[in-house]
Every structure is written in structure tokens, then in C-alpha cells.
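The structure appears below as C-alpha cells.
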Amino acid sequence: MWAAGNSNAWYWKNVWAMGLVAVAAVSLAFGPAVAHKGGTTGYATVSVAGQTVRYALSLANGSISGDAARDLRDFAAAVTRHVVVEADGAACSGIPAEIRPPSAGRASIEVVVLYACAAPIRHLSIRDGIDAVLGADHHTIADIQWPGGAKQVVFEKEHRLVSIALTGNAAPERRAAGTFVSYLGLGVEHILLGFDHLLFVVALILPGGRLLSLVAIVTAFTVAHSITLALSVLGLVTLPTQIVEPVIALSIAYVAFENLTMQSVVSRRWAVSFLFGLVHGFGFAGALAEVGLPASGLAAALVGFNLGVEAGQALIIGVLLPLIIWLQRFPWEPRLRKVSSIAIMAVGIVLLAERALVWSV
């Protein structure tokens, strides 16, 4: 329970420590260049019809590098070798069918492989070995569909094989639940591996204030990024990545700069949180676009990813809270609050310069 007055003072006395620890831990462990990066994630649609299996894989642009045309052909051949499809215990023969590089309207790489099996498929096995090409941390969210049924699975470390009896039809609510859980985990991962959103939230709350102000700030950010995430995923409003990513970096630097130069910002900080939160929502949508969304269960995927983002933020704060309690005994609060804002602003400026240079090339 939060007691009036003293509890708020205790909370805000130590909230700067969260900023310092977050900046130090993330910056030292990862460095600014790893925002939005980590093990790669792919989205696959697997369609079964008669004796044929169509495997369509989408990957974020940049997952493979070099000469795009040559590397995509090589990668398609690698997918064919490393994704092994069996029908009733017999291996199916795969050939690359389509290769689509990124385009103006699509940020992802798409590879389609067709597998021909000896007889109509009753029991399907898929072994996803793409980690041999993309690294052990790669995982693929796969939506497997056949006449009368569907199932969603995640190929990841130590879970590279799935076997499915192609009979009956899974209940819609079970398919939606599987989609929700998969994208919930993806949202948590996006926050834990991409620290720029967290730095923005930490910078927002560093000046302190009443508990009601904190709630307003965090709520405004959540509502704003939820709006633009949904609008972008549904194709109603979009912004190019070359605008969104630098503005996200700018938002971090600006809020930290405001902490250093303005005496009273808490009363209107919710508005700053909301405005920049709209841009962060487009950033979340970009992460989803890189992975892909299922043709069915779109609502479950969208809600799951958004809740995963919120859960990731809460997880980080929960981990840091014991450190905040421990650090409250030290008397260097004003100076370190300032140092925290300076550090956050520096990270924001570096990210801004890095992203501006990348997109200007």
C-alpha cells in the first residue's frame, strides 16, 4: 500500500536510481547498436493440400546480407535443405518456388518452398533446421493449415520438430489461444532485446511527482502506442521506418534534455508521453511487420503482442525494484538524477545519429 505523502516521496526519491541502473546495465551489456536486435524471428505459413506442402517463410530485411539476389537464391536453397518435411514417415521432395526481396510496400524477405509427397498426407512431420543458417537463437512462428484443421507452433531451441495427425479441426478458441501465447512471448522479447522504449519510459518518470502523475504518464504511453500499433497493423495508417526509428531515438534524447533544463514538467508530462507514444506504436508495428501476422487470429496476435510489450516493461521494473530499495540509503540523489538524465540523453543522441546515418545511405 502507498501511504499519502511519505510513500510518494520515498518512491520518487529512488526512481532516479532505476534510470541509472537501466542505462548502465543496458549500455554496458549491449551497447546502443542492439536496440530492436537479437535472435532472428521468422513467420511461416504452411499449407497442406493433397500431396503437396507449401512452406512460405517471411523474415525481416537484413536477416541475410550481401548481394541480395544471389544470397536470396542461396538462402532459398538452404531453406529447402534444412526444412525437412515428411508425410507418413516418407521424406517429401522440396524445390524453391518463389523468392521475393523487400519492396516499397513490404519490409520482409519472402521465400516459398513447395514439397511434393508420394501420397496424400495423413500424418505430417516438419523439422525446422534453419538455425543452422540463421543461428541457434532463430525461431519461427509457423501457422500450419490443412483442409479441416489448423495449428500454430513455434520452432525454437530444442523444439525443432513437430508431428501432426491431419484429422479433425482444432477448436477456433484453441487456435486463438495458441496465437495469443506466441505473440505474447514475441512482445516480451521485443522489449527485453530492444531497450529504446524502456529508456524512454525511464526518462519520462525521472523528474518525480505524485503517484497519480506516474499513472497518467504510463497510461498515456500505453494508450498512444496501442492506438498506432493497431492502426498500422490493420493498414489504416502507416509511417516509413526511416522516419519512425530516428524519431524514437529523438524522443529519448528530448525527454532527458527536458529533465535537465525545465524545472516543472510533470504536470504536462503525460502529453509528451502520449505524443511520442504514438510514434513508438509505429515502432512496435514495424517489429510485427518484420515477423508477419497470421491470416487468421489477427486480433489474438495483436492483443498478445501488445500485452507482451507491457509485461516486458513491468518485468524490467520488477527486477530493478530491489536495487532501488537498496540504493535509497545513499545521499547522492540530486547529482545522480542529473547524471542519469545525461546518460539517457547521450544514448538517445547516439541512437539518433546511428539511425539517421543508416537511413541516409
Would you grab the residues whose amide H sits under 5 Å from the one on Val83? Only those 5+ places off in sequence or on another chain, please, with H modelled 1.01 Å from N. Gly129
What does the extension gain come out to for Leu236 and Leu315, with contour length at 0.36 nm per residue minus their alpha carbon separation? 25.3 nm
Going by average Cβ density within 10 Å per residue, which order do the peptides 146-159, 275-288, 238-251 take, highest to lowest? 275-288, 238-251, 146-159
Given a Förster distance of 22 Å, report the FRET efficiency between Ala118 and Arg73 from their Cβ-Cβ distance, rounded to the nearest 0.05. 0.20
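Suppose the chain between Arg127 and Thr219 were pulled fully straight at 0.36 nm per residue; how much longer would it get relative to their current alpha carbon spacing?
28.8 nm
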Table column - 3J(HN,Hα) (Hz), the range 161-166, Karplus curve with 6.51, -1.76, 1.60, x for Gly and Pro: 10, 9, 10, 9, 7, 7
Using the Karplus curve 6.51 cos²θ - 1.76 cosθ + 1.60 with θ = phi - 60°, what ³J(HN,Hα) values do you get for each residue of the range 253-260, in whole Hz, with x for Gly and Pro? 5, 5, 5, 5, 4, 4, 4, 7
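All of the numbers you see were taken from the coordinates with simple rules; none came from a lab. All figures in this text were calculated on a predicted structure; none of them were measured in a lab. Ideal geometry is used to build each Cβ from the backbone, glycine not excepted, and the neighbour counts take in all protein chains shown.
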